[in-house]
Amino acid sequence: MAGLFKRFRQSYFLYSFLRDPVAVTSFALFVVLALSALLAPVIAPHNPFDGANIDIMDAETPPLWKDGGNPAFLLGTDNQGRDLFSAILYGMRVSLLIGVGAVAMQACIGIMVGLLSGYGSRRLDNILMRIADVQLSFSSYMVAIFLGAIVQMTFGVGRYEQVAVPFLVLVIGLAEWPQYARTVRASVLAEKKKEYVEAARVIGLRPFRIMWRHILPNTLTPVLVISTVQVANAIMSEAALSFLGLGMPVTKPSLGSLIKSGFQYFFSGSWWITLFPGVVLILLVLSINLLGDWLRDFLNPKLYKD
């Protein structure tokens, strides 16, 4: 019976997904973008990290279809002479890596805090939630400024580019975990009053096992929905921090650093350096957000309509 229900649920999931054109289109777009980023070393005609293949004389070459375009550079080049199409592919991979890594960190911290806060004592709940409140008062930009100064002072500006990716994962992860903690805490408070939790207590199971083996699986639905939206938010945070000079350096392309590197040239005629990475960033974030909205509606029977 359980296997039959599982197959029905899977088929209903697929049926509901396929009949929603917005969800199908956003998923197809996300798959194309993600595969393009993953296969960047194969697809990209140039390696933007290889300085030996970059010629400063090719800087600000317009796209192929404009006067002065070069067939070797489909979307033109940036101010350093890097092929913009290749830089976008590699940069999108960096942005996705930071987004997924930061959300994984947020989820690990937030789930642990939410479980302890919801299932523990009232005193522990008050302490953890006040810590979350304090954390929410600091934006990711404030955390980036504070930690960025420490990291650059410790490693030096020259070596900062080597630790830029884990640094941004740490900054965005530390800044956004309270959202997971609050969501999981609310689910735990509802679940721990149910009969199966009381039965687990009666038979003598330890609180740690009850939390992780019984309560946690029943709180993962809202966590899954939050994660899809948070990946998009983390990618936008990386782009914003890079644009402000607090994220990826210009020598390491990400979508945010590419937008920053070309912004000062936008009104001087080299608009493609900023425009094309910006369009890709919008499409990537939009596809993830639309998928998150559909998943939220599907998993919430009060919102999803046949």
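The values are calculated or read from the model by the stated rules, or taken from the named source; none is laboratory data. Just so it is clear, the model here is predicted, and its values are computed rather than measured. So basically every Cβ, Gly included, is an ideal-geometry build from the backbone, and we count neighbours across all protein chains shown. When the accessible area is computed, the model is the full protein with side chains, heavy atoms only, and any ligands, DNA or RNA have been set aside. Shrake-Rupley method; radii C 1.70, N 1.55, O 1.52, S 1.80 Å.
Some observations on this one:
- Qualifying helices (runs of 4 or more DSSP H) (wholly inside region 66-174; at least 2 residues being at pLDDT 80 or above, of a type in the set (A, V, I, L, M) and open to solvent by 30 Å² or more (accessible area, probe 1.4 Å)): 84-119, 122-136
- For the condition farther than 26 Å from Ile131 by Cβ and either aromatic (Phe, Trp, Tyr) or touching a strand residue (DSSP E or B) at 6+ places or on another chain (Cβ under 8 Å) (or both), Tyr160 qualifies.
- Of all residues in region 32-42, those satisfying the criterion of being open to solvent by 50 Å² or more (accessible area, probe 1.4 Å) and either in a helix (DSSP H, G or I) or within 22 Å of Trp294 (Cβ to Cβ) (or both) are Val32, Leu35, Leu38, Pro41, Val42.
- Taken over region 252-274, the residue count meeting the criterion of being open to solvent by 60 Å² or more (accessible area, probe 1.4 Å) and in contact (Cβ under 8 Å) with a residue 60 or more places away in the chain is 1.
- For region 46-65, filtered to residues that are over 13 Å from Leu84 (Cβ atoms) and assigned to a helix (DSSP H, G or I), the residue that is least open to solvent (accessible area, probe 1.4 Å) is Gly51.
- On the stretch given as region 174-199, residues that are closer than 17 Å to Leu116 by Cα and more than 29 Å from the chain's Cα centre (by Cα) total 3.
- Odd one out for Val197, checked against (1) open to solvent by less than 20 Å² (accessible area, probe 1.4 Å); (2) of a type outside the set (Lys, Arg); (3) under 30 Å from Asn126 (Cβ atoms); (4) touching a residue at least 60 places away in the same chain (Cβ under 8 Å): (4)
- Scan of region 272-294 for residues that are touching a helix residue (DSSP H, G or I) at 6+ places or on another chain (Cβ under 8 Å) and either under 30 Å from Thr221 (Cβ atoms) or not in a helix (DSSP H, G or I) (or both), ordered by number: Leu281, Leu283, Leu284, Val285, Leu286, Ser287, Ile288, Asn289, Leu290, Leu291, Gly292, Trp294
- The listed residue being in contact with a Ser or Thr (Cβ under 8 Å, 6 or more places away or on another chain) and open to solvent by less than 60 Å² (accessible area, probe 1.4 Å), out of Pro249, Pro277: Pro249
- Test: residue in region 28-45 that is in contact with a strand residue (DSSP E or B) (Cβ under 6 Å, 6 or more places away or on another chain), more than 30 Å from Arg296 (Cβ to Cβ) and modelled with pLDDT of 75 or more: no
- Filtered by the rule that a residue be touching a residue at least 12 places away in the same chain (Cβ under 8 Å) and open to solvent by 90 Å² or more (accessible area, probe 1.4 Å), region 180-194 gives a lone residue, Arg182.
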